[in-house]
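The structure under discussion appears below in the form of structure tokens.
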Amino acid sequence: MLEKYAILPCNGLDKCAGVISGEIAKKLCEGKKNEIICPVFYRVAETKYNKMAGEHPVLVIDGCQTRCASKLAAEKNIKISRKVTITEEAKAHNVKINNNLRLLENENALIEIILTALNKTEDKLTIIHAEPSGIYDFEYDTYQHGKFIFRVPRNPEIYYNENDCWAYIIGNHARVGVTDYVQQNLSDILYFTPPDIGGIIDQFGDVGEIESSKSVFELISPVSGKVISINETLVQKPELINENPYELGWMVEIELTDIEGDKELLIGFDKYFEIMKKKVEDLNG
Amino acid sequence: MSETTFMGVERNKIDWKPTIDYIKCDFCMECTNFCPHKVFEVRESEEIKLIVKNPDNCVVFCRACSKICGPDALSFPDKNATTQKIKEIRKEESNA
Ligand code: SF4
Ligand code: SF4
């Protein structure tokens, strides 16, 4: 972390993961220029913190999947630059955290792991190559329900799964993203967590997550293969997924390994359009 | 159950649903408030206040409710095994 960060931690005083978040925030401020945004104080007096969040990148530390800190950021309209979730990190590193509120050996070990990762990977995204363009001028069909308009591109090279994700096949690569249905349901997307470059993905495996104040959505890959790039722009501008989910909002590029096999379980425009309409009607009456 | 299908396979032939770990669950009800598909059922007066009532309503491959469960009490079947199973059923049915 070379830059100065404004750190918004979870304040869960009654949960171990919350206590860990607080501890990490404090450690990140020791002898450094980083500053803490106190979530409790933020609720009653926002001017100072709004200024801080406007001037510096914001690191959100959520304790658990309730994501109180992320939700507070959403409520206050703060842009999140980086994000850590303690329970997820514990799982990823196989560390069991206890149920009481003291930091013992395991908790301290986890804190060290997270701090090292935060300090080291200044920006793991700088190594990622991504083609800048994502404008294809697809032809769209639209379906309107109430004030919502759902667009779906009609293109023979775009395949869908029934989980509302699309893959645009370009030679032996595919770009993958979510449909209008997903972005409308999530509403304002605040954060994109990309998958690891080089990772091998099974068909229907997860290739990244997007998150709004309402929910987290796992991108369910329509195709199998290897992740070769991600749309770096989305890390800073996740709102592109709302604005333009099929073009500028593409999320991941995959080198295909078995597209013919994958196609068995994919659908084209006509079928997806019907399924999506039905979903919209079922959900909204 | 309704005769819905997923990838051309009858939904009730696909085993995909959340399983609640009652040791971890604190009955906060976030999952059932969140999911629009009536998968869960709240039973206020019982000791176990939440059950998976309609597993086949769960959207195959969705795990969204587990993402909002603070205590991480929800788990799902293996995705790859489920995909293979769907392919097998499709093959059997197309040969039948
Ligand atoms: S969200 Fe998790 S803890 Fe809350 S009721 Fe559902 S399963 Fe239980
Ligand atoms: S996985 Fe999705 S569809 Fe299934 S119960 Fe959870 S939120 Fe509902």
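Every read-out reported here was derived from the displayed coordinates using simple, explicitly stated rules and does not represent laboratory data. Small disclaimer: the values here were computed from a predicted structure and weren't measured. With ideal geometry, Cβ positions are generated from the backbone for all residues, glycine too; neighbour counts draw on all protein chains shown.
Are there GluC sites (Glu not before Pro) in the range A:216-285 that DSSP marks as loop and that have at most 16 other Cβ atoms within 10 Å, and which are they?
Working: sites: A:218, A:232, A:239, A:243, A:247, A:253, A:255, A:260, A:264, A:274, A:281; in loops: A:232, A:247, A:264.
Answer in residue order: A:264.
Pick out which of A:115, A:248, A:234 has the largest mean-square fluctuation in a Gaussian network model of chain A, springs linking Cα atoms closer than 10 Å.
So, out of A:115, A:248, A:234, the one fluctuating most is A:115.
For residue A:277, list the lysines whose Cα falls under 20 Å from its own Cα; do not include residues on the same chain fewer than 8 positions away.
Within reach: A:147, B:38.
Hey, what do the phi angles of the range A:38-51 turn into as Karplus ³J(HN,Hα) couplings, whole Hz, using 6.51/-1.76/1.60 and θ = phi - 60°, x for Gly and Pro?
Calculated HN-Hα couplings, in order: 7, x, 6, 5, 4, 5, 9, 9, 9, 4, 4, 6, 4, 5 Hz.
Any idea what angle helix A:269-284 forms with the longest principal axis of chain A, computed on alpha-carbon atoms, 0 to 90 degrees, nearest 10?
Helix A:269-284 sits roughly 50 degrees off the main axis of chain A.
Report, in degrees rounded to the nearest 10, the 0 to 90 angle that the Cα long axis of helix B:79-95 makes with the longest principal axis of chain B.
40 degrees
Once both labels are modelled 7 Å past Cα along the beta-carbon direction, what's the residue B:41-residue A:188 spacing in nm?
Distance between label points: 3.9 nm.
Among A:206, A:188, A:164, which one shows the biggest mean-square fluctuation in a GNM of chain A, springs joining Cα atoms closer than 10 Å?
Result for chain A, Cα springs under 10 Å: A:206 fluctuates most.
Report, in debye and to the nearest 20, how large the dipole of chain A comes out about its Cα centre when Lys and Arg carry +1 and Asp and Glu carry -1 on their Cβ. Please list the in-between numbers first.
Details: 32 positive and 45 negative charges, 291 e Å.
Using Cβ point charges on Lys, Arg, Asp and Glu, chain A gives about 1400 debye.
Which whole-angstrom value gives the distance between the alpha carbon centres of the range B:31-66 and the range A:233-275?
28 Å
Specify which residue in the list A:115, A:172, A:159 is farthest towards the positive end of the charge dipole of chain A, using unit charges on the beta carbon of Lys, Arg (+1) and Asp, Glu (-1), about the Cα centre.
A:115
Based on Cβ point charges of +1 for Lys and Arg and -1 for Asp and Glu, what charge dipole magnitude is obtained for the range A:164-241 about its Cα centre, in debye rounded to the nearest 20? It would help to have the intermediate numbers written out before the result.
Details: 4 positive and 11 negative charges, 44 e Å.
It comes to approximately 220 debye.
For peptide B:61-70, compute the average count of partner chain beta-carbon atoms within 10 Å of each residue's beta-carbon.
Details: counts 9, 5, 5, 5, 1, 3, 9, 7, 3, 10.
What the average comes to for B:61-70 is 6.
Tally the DSSP beta bridges in the protein assembly as shown and give the antiparallel ones as a percent, rounded to 5.
On the way: 42 of 53 bridges.
DSSP beta bridges in the protein assembly as shown are roughly 80 percent antiparallel.
Give me D for the protein assembly as shown in µm² s⁻¹, whole number, from Stokes-Einstein with Rh from the Kirkwood sum over alpha-carbon pairs, 37 °C and 0.692 mPa s. Could the numbers behind the result be given before it?
Working: Rh = 22.2 Å.
In µm²/s, the coefficient is 148.
Percent relative contact order of the range A:6-118, based on C-alpha pairs within less than 8 angstrom and at least six residues apart?
Details: 175 pairs, mean separation 36.0, N = 113.
Taking the mean separation of contacting Cα pairs over the length of the range A:6-118, I get 32 percent.
If a/c stays under 1.5 just call it rounded; otherwise compare a/b with b/c (prolate if a/b is bigger, oblate if not). Do that for the range A:225-285, with a ≥ b ≥ c from the square roots of the Cα gyration tensor eigenvalues. Before the final figure, lay out each step's value.
Values: a/c = 3.23, a/b = 1.15, b/c = 2.80.
The shape class here is oblate.
If you average the sequence gap of Cα pairs under 8 Å that are 6 or more apart and divide by the length of chain A, what percent do you get for the contact order? Could you put the intermediate results ahead of the total?
On the way: 544 pairs, mean separation 43.4, N = 285.
The normalised contact order for chain A reaches 15 percent.
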